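Notes to accompany the following structure.
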Amino acid sequence: MTNTMVKSFIVTFVISLFALTSKAQLGYMYSQLDLGVAGTVNTVYGDAKVQQNKFSGDVSLSYNQTPFVNYVFDFQVGNLSGGNLKKNIYSNQFSNNYTAYTGRAQLQLGEITDYSQSAVANAFKNLYLSSGIGFIANNASAVASQGNSYVSTQSNSIEAFIPVRIGYEFKLFNAYDEPTIKFDLAYQTNYVLGDEIDALKLGKSNDIFTQFSLGVKFAIGTPTSYRKQISY
């Protein structure tokens, strides 16, 4: 190989490397790890016929296989309550100071759509569906009306539940078009594989609780590359 050929090879290699780096800086890089916090409004649909809105806090760690395929692990502490004996003395009332652990897989539309040529597709690329498995540790107490008397019950149990979640992730980008902050707005229905989160076993159906949440996530991992531009 002549000196001229060697010089040409080196120049071509440097130009190619610069082009790849420039592409990455235009929007192909993202972090594979996110740390998040969220606030949630909870509503139970169980054996107490009057619903109450209660609150919980959430901490999450996300592994991002791509910017639009995410595996999310949540830890949550909060309250679930329902019923109101003051308004209806022939009703039921409960309160549950719970903790919950959830693992979910999350698919955003950007993974399966071409959003580069459509403003509408680009706007919806961060819309996602998510599901997985969760476990709730109940610390619940209830008062149930039985004719002219009341019966108190307690539940200190662990139950599995199936979360089904729909949401939208607002991505904020840094100077290199890397998504570093994400605001997450979501609605989640949790199908409990049991009937003890309200400490009442009065019906034939298992309990369900829904959650409306608003959270924020921060990129904490080393950036890696993605096959297409993320920001348009």
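The values are calculated or read from the model by the stated rules, or taken from the named source; none is laboratory data. Predicted, not measured: the structure shown is a model, and the values here were computed from it. Note that we place each Cβ from the backbone using ideal geometry, even for glycine, and neighbour counts take in every protein chain shown. Surface areas here come from the heavy atoms of the whole protein model, side chains and all, with no ligands, DNA or RNA. Shrake-Rupley method; radii C 1.70, N 1.55, O 1.52, S 1.80 Å.
Of note:
- Only one of VAL59, VAL120 that is open to solvent by 70 Å² or more (accessible area, probe 1.4 Å), within 21 Å of GLU169 (Cα to Cα) and in contact with a strand residue (DSSP E or B) (Cβ under 9 Å, 6 or more places away or on another chain): VAL59
- Among the residues of region 184-232, those identified as of a type in the set (Lys, Arg) and within 19 Å of PHE173 (Cα to Cα) are LYS217, ARG227, LYS228.
- Index of the failed condition, ASP58 passing every other in (1) within 25 Å of LEU107 (Cβ to Cβ); (2) part of a loop (DSSP other than H, G, I, E, B): (2)
- Residue check, ASN84 farther than 24 Å from THR224 by Cβ, surrounded by 15 or more Cβ atoms within 10 Å (Cβ to Cβ) and of a type outside the set (Phe, Trp, Tyr): yes
- Residue list for region 195-230, restricted to those being of a type in the set (Gly, Ala, Ser) and on the phi < 0 side of the Ramachandran plot: GLY203, SER205, SER213, GLY215, ALA219, GLY221, SER225
- Only strands (runs of 3 or more DSSP E) whose full extent lies in region 165-232 are considered here, and the ones with at least 3 residues that are buried (at least 17 other Cβ atoms within 10 Å of the Cβ) are 179-192, 208-219.
- Here TYR128 meets each of (1) outside any loop (DSSP other than H, G, I, E, B); (2) touching a Ser or Thr at 6+ places or on another chain (Cβ under 7 Å); (3) in contact (Cβ under 8 Å) with a residue 24 or more places away in the chain with one exception, condition (2).
- The lone criterion from (1) among the hydroxyl-bearing types (Ser, Thr, Tyr); (2) out of contact with any strand residue (DSSP E or B) (no Cβ under 9 Å at 6 or more places or on another chain); (3) surrounded by 13 or more Cβ atoms within 10 Å (Cβ to Cβ) left unmet by THR99 is number (2).
- Qualifying residue in region 132-149 (condition: of a type in the set (Ser, Thr, Tyr), touching a residue at least 12 places away in the same chain (Cβ under 8 Å) and loosely packed, with under 15 Cβ neighbours inside 10 Å): no
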